[in-house]
Structure formats: C-alpha cells, structure tokens
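So the structure is just underneath, and the comments pick up after that.
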Amino acid sequence: MTVEKLGFKKVLAITVIVCVAVALAAGGYLYYAVFLKARKPLVAVITIEGPILRSEDAAWYVDMVNYALLNESIKAVVVRVNSPGGYADLVEEIYLDLLELKKVKPVTASVTMALSGGYYIAVAADYIYATPTSVVGNVGVIGVAPPMLIPSEFYLESGPYKVTGFSKLLFSFNLTRALESFVSAVETGRGDRLKLSSRELKKGLIYFGAEAVELGLVDEVGSLQKAVKRVAEEAGLVEYEVVDLNKAVERELSYLWSYHNQTLDWRNLTLEVLNQIQPPPALWYIYLPPKSFAQGISSTETWVENMTVEVFGGGGGGLVLVDKSHGNEVSAWEFDVLIGELAKRNITVRFVSGWDELSEGLDNASCLIVACPTVPYTVEECDRVEEFVKSGRLLILIFDPAYEYLMVPELFGPIDTLSTRFGMSFAKGYLYNEEDCYGFYRNIYVRGFAESSVTRGISTLVMFTATHIYATGGVAWASDGTYSSAAERAGNYTVIALAGRGNGTVIALADLTLFREPYCYVEDNYRLILNLVSAIAEVKVTPPAEKPAEAKMYQVTEPELPVGTVKNFTEQVNGEKHLVRWIKVSELEVLVERPNMTALYHFDENGSLVWWAADGLEVIYDEPIPKPPYPLTKGKSWSYESGYTLTIQGRESRGKLTGTEKVVGFENVTAEDGTVYLCAKVRYKETDRFTLDGRNITIVYEGYSWLSSEAGLVKDESTIRYYENGTPVMTEHRKLILRSIKKGQA
C-alpha cells in the first residue's frame, strides 16, 4: 500500500510510531521516557560512585554532565560523591565539565566519601553537604615513576624519553605540579570559606564531615535531600521532580553501564592493580589504604638470587667488600658510580653473599659496606666486624627507609644490630620538608655540615627518602624545618655520622638512593661519593700473619643410626618454638613429624633421597639427591641438581632443585641434653624452583648444618626466602637443635 492511498491522519499516526521506534532504537529512550513525560522542572542527581580508573569511567559521568547541561528540562544538579578518586586526567576531565555546567545551572554536592580525586570533583560545586561521619579531604597525588629503559637492538625508539615519557629525576616535579593544580582547585572552589592553609591541604589528611565543615572543606552537615532542596531554591523552583540521571542514562548507554558495574571495589585496589590499568609513568588523585599502597611496590632491578661473589674490577690497589650475606637489599645498580670511581683507583669491589667468605675476606679488605640488611647480625658477627674496624679499616653503614630496600616495616632493626656496636642507631620513619624540598616533600636538602673528610667541599646535598641517625658524631644535618614522619615534629636531624673504633673509622649514611644515577648528580651528591672513594683509598692494609697449621686434622664419618632410632629436636621458626621428631622406620625410610606436617622420606641403597611425601604433597626426583660424601674434612664441597615431579592434591607440575654444600670447619656443639658433639660445620645453599597455578615459585635456603659421627644432624640454622614471580613474599629464620637421641637396636 502506497502513502498516496492513505488518509492524512493515518500517515501522521504511522509517522509518529516510526519516529518513536527509531528514537528508541537509536538511544532516544532517555528523552522519551524521562523528559517528554516530565510535567515539572527537573533536579538531576548524578552519582559519582567508586574509583575512576579508566576512560570508560570518566565517559560515563561526562555524558551525564552533558545531558544535564544541554537539556532544558533540567534546571539544577546535585552531584552525589562516594569516591576515593582515580586517574588524574580523568578526574580533572569530570571536574572541568562540572565547572562548565555550573556556569549555566546551580550545582550542589552531597558527599559520603570524597577523598583525593573524589574531593577534587566535589569542589566544582557551589555548595557541599556532608554527613557528620563522611570522610573528606586527602588532597594529594600518588605518582608511579617511569621505569628505566633497557634498550634493544631490534626495537628502536626515537629519543631517550620516547618509551618512559618522563625523566626519573624530574618526575617528582611533575607530581608537585599536579598537586598544585589540585590545591588551586580547592582554594578556588572554596574561596574565603576555606580555613586551611595551602601547606595544611598538602598534608593529605582525612577529615570527618563535621570537622570538614569547621575547616571550610564543606559547607554544611546535611543529607542528599537537603542538597536537592537547596539547589532547587537556587534555581528558583517551587515545584519540581527529582531524576536519578544514572538510572535514566542506564539504557541509553547500556555498553557503559555494563562496564561501569564491573568497576573494582576501591578497597581491593593496590598499586599493582593500578599499574596494570595504567602502566607507569602515572599520576593518580586517589586514596589507597596504607597496606594497599605498599602492595605491588618492588624494585625493577631486584633479582631472586645473586652469585655467591660478584667481582668488579681486578686491580691490586685495594679491596672493598659489600655484604650480601644478611639479605641485603642492595645490588651493583646502587653502587655503579661508586664502583666506577673505585676502579679508576685500581680498587676491586666484591659483593659477597656468604658470611664465611665475607669473614675470611675481611683480612685483606680495606672497606666493608653494609647496606639495608634484612637479617640481624649475631654477636659473633658483630665482634668480627668490630675487630676489622679496630685494625684500621673503614666500615660504611647505609640505611634507606624506602619500601624497595626495606620490603617490610619490621625490618628497621637488622642494621641496628650492627650499628649500635659503634654508638649509632638508625631512626624509624623518614624525613620530609614541605617548604624546602627538591621537587617533592620527601626529597630533603642537607645544608648543615661539620668539618670532616666526608663532607669536605660540600655545601648542599639532596637525599631521597632518608631516615636520620641517632649519634654523637654527626657531620651533616637536614635543613631547617625538616620533619620526621615518626616523631611528627621538626628537628635538627643527623643524616651522616662518623665514629672511631681502635685505628679505624665508621661512616653512617641515612640514604642509599643518592648513590644511584641520576640522583648522584644533584647538588653536591657526586662530591660526597668522591670523598667516600678517597677515604677508602687512604686505608692501608697490613696482611695478617699466617695462621699456624691446625694441630689436628678433624673428620666426621658417616653415622650409624639403626632402624628404630628416634631423635627429638627443638625447632624455632621466626621465634616460635616447637618439637620435631625424626624416626628411622626402615633401612630406606625416615619419618619426620612436625606440629603442622608429617613427612616420609624414601632413600635408595646408597643413601640418596629418591622421593618424599607429606599431607597430600609428593615430590619424585629425576636424579636422587646424594648424601654427604663422608668422611667430611675441612674444605670438602659437593653439589647436586635434579628436576622433579611435584604432585599436590592430584595436580602435577615440574620443578628443579639445585644445591651446593661445603665443610667450612669443625665445632663442638652442645645438645639440649648436655651431650657435646664434635661436628663438621657445613655451609649450604639450595634453590628450589617450581610452577604452581601459573605462578613461578622460588624458594632459596641458605644456612649451616652441624653433622656429627655419633648422631648425624645435631644443629641447623637457615634463612628461607620465598619469591613469587620474582617478587619477595616471605622470609623465615629457622633454628634446629638436638634435644635427645635414642638409638634403635642394631
């Protein structure tokens, strides 16, 4: 049927139906279902809910602001904020669009959680309401610095910052500029109502609603209904309807609504998650709980394990040892410039990960560097280091409170187990200065100096997240107005200290970052490194007299432990003690019982370990793990390597175990029952790698065992480090000592 054969009214009716259908199909539902039906002027409510992480989040809110701006039916808007903020430019996009909306229609905010970027958005409103316990504020920026580019010969970039986007050194200035923009928005939006100074705003404090009213961050305590009533009055409305613009837009922007409903709960956010969403460099106006902020921070130059000895240089002008035997979070990256300057003076640098090698090497070393240890020093080890210093050598102690070196907050203590021996203690917390800083409040200036060889020719240093040192021999102090995060007060904080012991010297520094490029080139930082190099070069080493040959050559033979032998041990794991029972149940099997696990070990006729099983877990080795090569004599060493099949509750995966062991000496060890055993002291290191549920797990065991001819294992001390996908996740310190032994019948 053609149009010409229809009456006018029918044509009009069909046209209207078709237009409505097309409007609905094209997304005109919002106009048809809301605005055509509206008989009264509208007050629109736009709810900012949750974190603003991706462009889709911002688009969702910006589209609603645009609807409110362009539609004549909407006379006023209430912005309801329940958000911790989000990615910086997305937050700013919403804020700027609200400013445009405010030019033509009154805008009021009602906040329940307006933290960081959430508050940034709220200050665009003319008037802000909060409940008495709303959380408001946290003005500030979280910046994730750009990584260091490791170049390729196959993938080429056109410039030094093409890949990273920013200079690592200057990134803190970019962060500060973003903070200034945030503060400016708050001061502009709040005007004379604001009672906080710019400096107070930058602290990033969080305030409850009632307190925020007193400080001028918000205007009044009140609910959403009160905000609606006020904005309607500002628009001159007597009768009006309220429309939830989020729900009204839901069908029109269904693709965004579906996405937005999948937004992560802000309480589950960590820096690791944020880095996946927006790779560094990145700036965030967002609030993260402290624990969430710490998660995901790891150094890009952290290795799961290091060579036993890393040697840099090779001349005969001197030797510097860098301790790696105490889980020290330090590598050649930190000391690259220092190593280069020492090499010019024919001085060799060695990174040593075993205490025995380190102790033996001290006899010929001019300097020992101890930086950021995570394992405490024993009394005997402190005695050895003190003896080293007294003989006229140099000890350099360095600590850095940054998370990359600290890893967990509880590890402030290990450095002090050694430093207190020389009258020094590294303080908890970090130093900051909000007024006099290098681009960022944690980059502090050091301008007070005493005359010393370390500070010679220096007028200004910059330290990057530094602690301070309790010491009587301070030679450098942070600038006036510098605060301690732990003390929360300004003070005259020492950052470099000197101490003498015998004929030697101890130098303590409260920052490690200043040694690295590009930070070492700021102000006089490089001059400090050169002064340390000169101090090292000036140390004169007198070779120790040869030790007399041992009067007796000790050895430990293979113990004879008949079937039925039971050994009881006291095991201490991170300070907690419990009983361990070792039972020889057959010629080829040993049962080990712990409070949380029972394990059965199966050996072949040569005494090599073939497989073991424990509580739903089984390991079968491709090549048996050999027993020690008895008799054990000083200097004897052995190694092993084997792949294995790991089965956990029916799921199989592959792994690999490698190990090295060496007899380093003989000692008398007293068991808990008072029996004294002559033992071979064996240093060992085992690395166990396997894959589980797509995660690469590495476990590194380092320590010593004491083996006797009469009882076999008498004592064991080890540090066990766990890594997941190359990131440290846990450290255990274990000690095992024989309590008693009852041998079976031969």
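Each reported figure results from applying straightforward, stated rules to the coordinates on display, with no laboratory input. All values reported here derive from a predicted model rather than from experimental measurement. Cβ coordinates were reconstructed from backbone atoms using ideal geometry, including for glycine residues, and neighbour counts include every protein chain displayed.
The residues F171, F426, when put in order of fewest to most other Cβ atoms within 10 Å, stand as F171, F426. For the stretch 566-742, what D do you get in µm² per second when you plug the Kirkwood radius from alpha-carbon pairs into Stokes-Einstein at 25 °C and 0.890 mPa s? Using the Kirkwood radius from Cα pairs, D works out to 142 µm²/s. Pull up all non-local amide H partners of A76: gap of 5 or more, or a different chain, and H-to-H distance under 5 Å with H placed in the peptide plane. For A76, whose amide H was placed from the backbone, the distant partners under 5 Å are A44. Remark: spin-label model distance T420-E387 equals 2.3 nm, labels positioned 7 Å along the Cα→Cβ axis. Taking amide H positions as modeled 1.01 Å from N, with prolines and chain starts lacking one, the residues under 5 Å from A486 and 5 or more places away or on another chain are Y430.
Sort R421, R456 so the one with the fewest other Cβ atoms within 10 Å of its own Cβ comes first.
The most exposed by this proxy come first: R456, R421.
Partner aspartates and glutamates whose Cα lies under 14 Å from the Cα of K540, excluding those fewer than 8 positions away in the same chain, are identified as D363. Less than 5 angstrom separates the built amide H of E623 from those of G643, all sequence-distant by 5 or more or on a different chain.
If you add up the charges near K715, with Lys and Arg at +1 and Asp and Glu at -1, over every other residue whose beta carbon is less than 14 angstrom from its beta carbon, what do you get?
Taking every other residue near K715 into account, the sum is -1.
The gain in end-to-end length when the T570 to E220 segment is fully stretched comes to 119.6 nm, 0.36 nm per residue minus the alpha carbon separation.
For the pair S167 and N346, the difference between a 0.36 nm per residue extended length and the Cα-Cα distance amounts to 61.2 nm.
In a fully extended conformation the segment linking K428 and L579 would gain 50.8 nm over its present Cα-Cα distance, using 0.36 nm per residue. May I ask which of K105/K247; K324/K735; K681/K742; K324/K715; K584/K685; K681/K715 have a Cα-Cα span longer than 18 Å here? Result: K105/K247; K324/K735; K681/K742; K324/K715; K584/K685 exceed 18 Å. Residues of the stretch 633-666 with an amide N closer than 13 Å to a point placed 7 Å from the Cα of Y554 along the Cα-to-Cβ direction: 633-635, 663-666.
What FRET efficiency comes out for the pair Q276/D673, r = Cβ-Cβ distance, R0 = 60 Å, nearest 0.05?
Values: r = 56 Å, r/R0 = 0.93.
E(calc), rounded to 0.05, equals 0.60.
For the stretch 408-537, the C-alpha radius of gyration divided by 2.2 N^0.38 Å, with N the number of residues, is 1.00. Derived scalar couplings between HN and Hα for the stretch 74-88 equal 8, 9, 7, 9, 10, 9, 9, 10, 9, 8, x, x, x, 5, 4 Hz in order, rounded to whole Hz, by the Karplus curve 6.51 cos²θ - 1.76 cosθ + 1.60 (θ = phi - 60°), x for Gly and Pro.
Listed values for the stretch 386-398 are Karplus-derived 3J(HN,Hα) couplings in whole Hz (6.51 cos²θ - 1.76 cosθ + 1.60, θ = phi - 60°), namely 5, 4, 4, 5, 4, 7, x, 9, 10, 10, 10, 9, 10, and x replaces Gly and Pro.
What is the order of H468, H733, H326, fewest Cβ neighbours within 10 Å to most? Intermediate values should be presented prior to the final figure.
Working: H468 30, H733 16, H326 22.
Fewest-to-most Cβ neighbours within 10 Å comes out as H733, H326, H468.
Computed 3J(HN,Hα) for the stretch 633-644, one whole-Hz value per residue from the Karplus formula 6.51 cos²θ - 1.76 cosθ + 1.60 where θ = phi - 60°, is 10, 4, x, 5, 9, 7, 9, 7, 7, 7, x, 7, glycine and proline marked x.
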